[in-house]
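Data first, discussion second: the structure below is written as C-alpha cells.
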Amino acid sequence: MKKTKLVYTTYIRSTSKKTWDAISKPEFTRQYWGGMTNVSDWKKGAKWEHLNPDNEVWITGEVVESTPPKRLVLTWADPDDLKDRSRVTFEIEPVEDMVCLTVTHDNFKAGSKMAEKVSGGWPRVLSSMKTFLETGKGLNIFCKSRTTEPKSRKENSMENKEFIYATFIRTTPEKLWEALTNGDFSEKYWFGFRIEVELKAGGTVRILPPKGMEQHGDHKGKVLVCEPGRKLVYTWQQNDPPEIARKRDGLSRVTYELTPMGPQVKFRLIHENLLPEDVEQDPNTFKGINNGWPAVISSLKSLLETGEPIAFAAGGCSAKPAESRA
C-alpha cells in the first residue's frame, strides 16, 4: 500500500526569519491560525505543543530537527492518541525577494485517521499565513462555505494521476473568476503567459507564452464545463516530445473550483490524467506540474490580495518560470 505523503508549497513575499517566526512564535501564530499557538523552545529533542485559545493541548510532539530559519522537523500526535504519531517538516528557502515554504506531512501510521484530518486544514493555515505575512492580517480559517462545497479529496497532493492544489484567497468569486479567465490579468501573475478562453462549453482555450519564450509553445484545449464564478473545466495539451506523447492516454484536464467562504474564496485546482513524467522530483525548479502550479497560484493570490504578483528576475535563480509546464 502506498504511504500517504502530503506536500504543500507556497511562495510568500517575506523573509526567512519572518516566516520562521510566524511558525514558531505564539504572538504571530495566533493571528493567522485561528487563535492557535505553537509553544516550545524549538531546540532538538524539546517538546512542542499546539494550543487552542483556552491553552488546551490539541497537538503535541517532539522537535526532531531545528535549523533556524531554514528547516524545522516535528513529530505530530493527538495527545489522546500518542501512538498515532506522524511527522511534519517545514522547509524555508529564500528565492529573490520572497521565500518558498514547503510543508511535508508524512510518516502516518497504517490506519491513521490523522491524514484525513490535516489534509483540509493545512491549505487553510498556510493560505492564512501567506496572507498574514503579506498584508498584516490573516484569514478566518474556520469560515464555512455559503454553498455546497465540492466533494473532498486529499488537497495539495499528487496521487492517482492527478495533482490537487487548494488555497484560500481574500477576494470575491467574481474577481477571482476574472483573474482566471482574462488574459490581461493572467499576464500579470502567470509570468507573462496569457490565457485566452471562450467561456462556453466547447469553446477554445489557449495559454500563450510571452515574447521571447515561444520555444515553450502554447497549450491548447477545449472548455468542457463553464459555470461562471463557480467552475471551469478544460482540456490541456502538453508540449510533449514524441517518446512521451506515445505514452499519453488522451489529453489531461484542468478544473478550477471556486467556493465562497465569507470574505474569502476557496480555490481548488485539479489537474488530471497525468503521467509520471509530468512530475518533477527536483523542488528547485518550476519544471513539472507539481512545481509550476504552486508558483502560479501563489502569484495569483498575491495579486488579488496585495495588488502585486510575485515576480522572478530572468535567470535570477535556479527556479525559472519559463521552464514551467503549468
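The values are calculated or read from the model by the stated rules, or taken from the named source; none is laboratory data. Note that the coordinates shown come from a computational prediction; the quantities given were computed from them, not determined experimentally. Cβ placement follows ideal geometry from the backbone for every residue including glycine, while neighbour counts extend to all protein chains displayed.
Worth a mention:
- Restricting attention to the range 12-58, the residues that are β-branched (Val, Ile, Thr) and over 21 Å from LYS137 (Cβ atoms) add up to 2.
- Complete set of residues in the range 239-274 that are touching a Lys or Arg at 6+ places or on another chain (Cβ under 7 Å) and in a loop (DSSP other than H, G, I, E, B): ASP240, PRO263, ASN273, LEU274
- Test result for ASN291, closer than 28 Å to GLY212 by Cα and at pLDDT 85 or above: yes
- Every residue from the range 243-296 that is among the polar types (S, T, N, Q) and closer than 17 Å to LYS161 by Cα: SER252, THR255, ASN273, GLN281, ASN290, ASN291
- Number of residues in the range 72-97 that are under 22 Å from VAL118 (Cα atoms) and surrounded by 15 or more Cβ atoms within 10 Å (Cβ to Cβ): the value is 16.
- Residue selected from the range 1-56 under the condition within 19 Å of VAL73 (Cα to Cα) and among the small types (Gly, Ala, Ser), by the criterion surrounded by the most Cβ atoms within 10 Å (Cβ to Cβ): ALA22
- Here the condition is being closer than 30 Å to PRO260 by Cβ, basic (Lys, Arg) and out of contact with any helix residue (DSSP H, G or I) (no Cβ under 8 Å at 6 or more places or on another chain); of LYS130, LYS44, LYS113, it holds for LYS113 alone.
- Looking only at the range 164-209, and only at residues there that are in a helix (DSSP H, G or I), more than 17 Å from the chain's Cα centre (by Cα) and of a type in the set (Ser, Thr, Tyr), the one that is farthest from SER302 (Cα to Cα): THR181
Yes/no matrix, rows are residues, columns are (1) touching a helix residue (DSSP H, G or I) at 6+ places or on another chain (Cβ under 8 Å); (2) within 20 Å of ILE169 (Cβ to Cβ); (3) free of Cβ contacts under 8 Å to residues at least 12 places away in the same chain; (4) not assigned by TED's automatic domain parsing to the domain that holds LYS301:
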residue	(1), (2), (3), (4)
THR181	no, yes, no, no
GLU187	no, yes, no, no
TRP190	yes, yes, no, no
GLU198	no, no, no, no
ALA201	no, no, no, no
VAL205	no, no, no, no
GLY212	no, no, yes, no
VAL223	no, no, no, no
LEU232	yes, yes, no, no
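- Residue in the range 206-227 that is touching a Cys at 6+ places or on another chain (Cβ under 6 Å) and at pLDDT 95 or above present: no
- Residues of the range 266-288 satisfying the condition of being farther than 19 Å from GLY221 by Cα and either modelled with pLDDT of 85 or more or touching a helix residue (DSSP H, G or I) at 6+ places or on another chain (Cβ under 7 Å) (or both): LYS266, PHE267, ARG268, PRO276, GLU277, VAL279, GLU280, PRO283, THR285, PHE286, LYS287
- Single condition GLY292 does not satisfy, out of (1) in contact with a Ser or Thr (Cβ under 9 Å, 6 or more places away or on another chain); (2) outside any helix (DSSP H, G or I): (2)
- For the range 121-139, the set of residues classified as surrounded by fewer than 16 Cβ atoms within 10 Å (Cβ to Cβ) and either in a helix (DSSP H, G or I) or in contact (Cβ under 8 Å) with a residue 24 or more places away in the chain (or both) consists of GLY121, THR135, LYS137, listed by residue number.
- Index of the failed condition, VAL99 passing every other in (1) more than 26 Å from LYS18 (Cβ to Cβ); (2) modelled with pLDDT of 95 or more; (3) in contact with a Lys or Arg (Cβ under 9 Å, 6 or more places away or on another chain): (1)
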